[in-house]
Amino acid sequence: MDYRLYPRHDVLCIDMRSFYASVECMKRGLNPQTALLAVVGDPNRRGSIVLAASPALKKKHGISNVSRYFELPEDSNIVIAPAHMGDYLIVSLEITKLMMHFVPKEAIHVYSVDELWLTVDGLEPLYGSTHTIAEKVKASIREQFGIDSVIGIGDNKFLAKVVMDLHAKKSPNGISECRYEQVADKLWPIEIENIWGIGSKMKGHLNRMGIVTLGDLAQFSQSHLKKRFGIMGEQLYWHAWGIDLSPVIGQFTKTEQKGYGHGITLLRDYTEDEIKACLLDLCDEACRRARRDDRAGRTIHLAIRYTDEMGQHFSRSRSIDVPTNDTMEMYDVCMQLFEEFHTEGAHIRKASVTLTNLTDDIGTQLSLFDNRADRKQLNEAVDHIRERFGSTAILRASSYTSGGIALDRGQKIGGHYE
């Protein structure tokens, strides 16, 4: 591979180690490196997931982020911390602001609440080598927030991310680097399931083709990969050689909205009557977001999943003549789909609604047969109240029934209590 043809940058991929657990430790005045602390989604439920475990807890008891609350050992030194998503988002935002001391905001790409990329091209005269910059960034995060981090350095985002995942987390100083010329030595021996972007399903397909390591993937025919997997196969090939052309400078927070959706995995089985209130709350939230952006949609999508083996899961959509962002119009279509495709008597565990085929909401089409203009004014008034006083300041009566979800979800961020 002639790497002279491809761009070279100085990109850092930064991951906050055991982020949720570290924030909870700092709130309690505990050392994140030595404290035994588990962040649990809901300590009132024995089956709740352990969202994060401190490094010491992972090492001593082998607890991972997929463990359940009831799997925690009987150890009086273990601190159980309920998840507080609002706190984690605040700290994440402050860490992002700290990064602006090193680079301009267009050189920061936030990947998740605890991970981001920095492009540090041209900063050597100010801070020294790329490795030195990584050390300074790591030290700043630890000094200001008490949170340890690991950093990968690469010519592009892919290399920085993969070397961070595979090598930096095992490095004594938490920093590792991989340039184009090091791909064969550092990445090719790695089994493909450990590579960012390759899931279990893709692993199965590649293994059946005789591809086990990233090196196998790099030596495989690019044309065959493209024929089998389309553009994804082509991307897999270039990634195997360490090549990634995604932008490293730009506006990474602005994305084109394709649809407005809302969904929920229910904590218990819902009956046919209860799901009606749930769907109304979901439609209310999807339409509220569409109205906020002055958008409306022509296509309404409903997806229902049942308790195992109780019914045939379905995902159906229906288009309407006039674009809408009216809650009741969307709900009526969802109920039409539900009545048509629902398995009678089956209990429901997941539900989602989506408004797509978007257009600008340029005004209300008047009709002699409905009160659309009145409903639009009512929706706008309710939106204004919720924006000013909170999402639960005004709710439909159905939200207070056993099937309603708005009241509980209004107290959560990212599915967990603030």
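The values are calculated or read from the model by the stated rules, or taken from the named source; none is laboratory data. Because the structure is predicted, anything quoted here is derived from the model rather than measured. Using ideal geometry, Cβ is built from the backbone for each residue, glycine included, and neighbour counts are taken over all protein chains shown. The accessibility values were calculated without ligands, DNA or RNA, using every heavy atom of the protein model including side chains. Shrake-Rupley method; radii C 1.70, N 1.55, O 1.52, S 1.80 Å.
Key figures
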{"read-out": "Identity of the residue in segment 187-218, under 28 Å from the mean Cα position of the chain (by Cα) and among the basic types (Lys, Arg), that ends up least open to solvent (accessible area, probe 1.4 Å)", "value": "Lys203"}
{"read-out": "Every residue from segment 174-184 that is open to solvent by 50 Å² or more (accessible area, probe 1.4 Å) and more than 15 Å from Cys13 (Cβ to Cβ)", "value": "Glu181, Gln182"}
{"read-out": "Residues within segment 1-30 that are without any contact (Cβ under 8 Å) to a residue 12 or more places away in the chain and not aliphatic (A, V, I, L, M), tallied", "value": "3"}
{"read-out": "Members of segment 83-105 that are part of a helix (DSSP H, G or I) and not charged (D, E, K, R)", "value": "Met85, Gly86, Tyr88, Leu89, Ile90, Val91, Ser92, Leu93, Ile95, Thr96, Leu98, Met99"}
{"read-out": "So Leu395, is it modelled with pLDDT under 80 and open to solvent by less than 50 Å² (accessible area, probe 1.4 Å)", "value": "yes"}
{"read-out": "Test set (1) surrounded by fewer than 20 Cβ atoms within 10 Å (Cβ to Cβ); (2) modelled with pLDDT of 90 or more - Thr307 fails condition number", "value": "(2)"}
{"read-out": "Helices (runs of 4 or more DSSP H) completely within segment 107-219 that count 2 or more residues being within 20 Å of Arg17 (Cα to Cα) and at pLDDT 95 or above", "value": "130-145, 157-166"}
{"read-out": "Single residue of Asp244, Asp281, Asp269 found to be under 30 Å from Asn156 (Cβ atoms) and touching a residue at least 24 places away in the same chain (Cβ under 8 Å)", "value": "Asp244"}
{"read-out": "Test: residue in segment 226-234 that is closer than 20 Å to Asp2 by Cα, in contact with a His (Cβ under 9 Å, 6 or more places away or on another chain), in a helix (DSSP H, G or I) and touching a residue at least 12 places away in the same chain (Cβ under 8 Å)", "value": "no"}
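Each row is one residue, and each column tells you yes or no for (1) charged (D, E, K, R); (2) in contact (Cβ under 8 Å) with a residue 40 or more places away in the chain; (3) open to solvent by 40 Å² or more (accessible area, probe 1.4 Å).
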{"residue": "Pro73", "(1), (2), (3)": "no, no, yes"}
{"residue": "Met85", "(1), (2), (3)": "no, yes, no"}
{"residue": "Leu93", "(1), (2), (3)": "no, no, yes"}
{"residue": "Val110", "(1), (2), (3)": "no, yes, yes"}
{"residue": "Asn156", "(1), (2), (3)": "no, yes, no"}
{"residue": "Pro172", "(1), (2), (3)": "no, no, yes"}
